[in-house]
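Throughout, read-outs are computed from the coordinates displayed, never taken from laboratory work. If you're wondering where the values come from, they're calculated on a predicted model, not measured in any experiment. Note that each Cβ is placed from the backbone with ideal geometry, even for glycine, and that neighbours are counted across all protein chains shown.
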C-alpha cells in the first residue's frame with residue numbers, strides 16, 4: 001500500500017516513476033526469478049540515465065553481483 005501511495009505521489013508531481021510489483025514476494029526477494037527481474041529493472045534504469053557506452057560496464061557489474069551474492 002505504501003508503494004502505491006509513493007508511486008501516485010511521484011506521478012502526481014510529474015516525476016518519472018515506475019512501480020513494479022513482484023508476485024508472491026513481500027519485503028524481501030527470495031525467488032531467483034524475482035532477483036533477476038529486479039536486476040533487469042535496475043539495469044534498464046541505469047542505462048536510461050547513463051550513456052550507452054557505459055552499458056558494458058553496468059552489465060559486468062551486475063554479473064559480478066550475481067556471482068558473489
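Taking other C-beta atoms within 10 Å as the exposure proxy, 62, 49 rank 49, 62 from fewest upward. Remark: 38, 67, 20 ranked as 67, 20, 38, counting other beta-carbon atoms within 10 Å and listing the fewest first.
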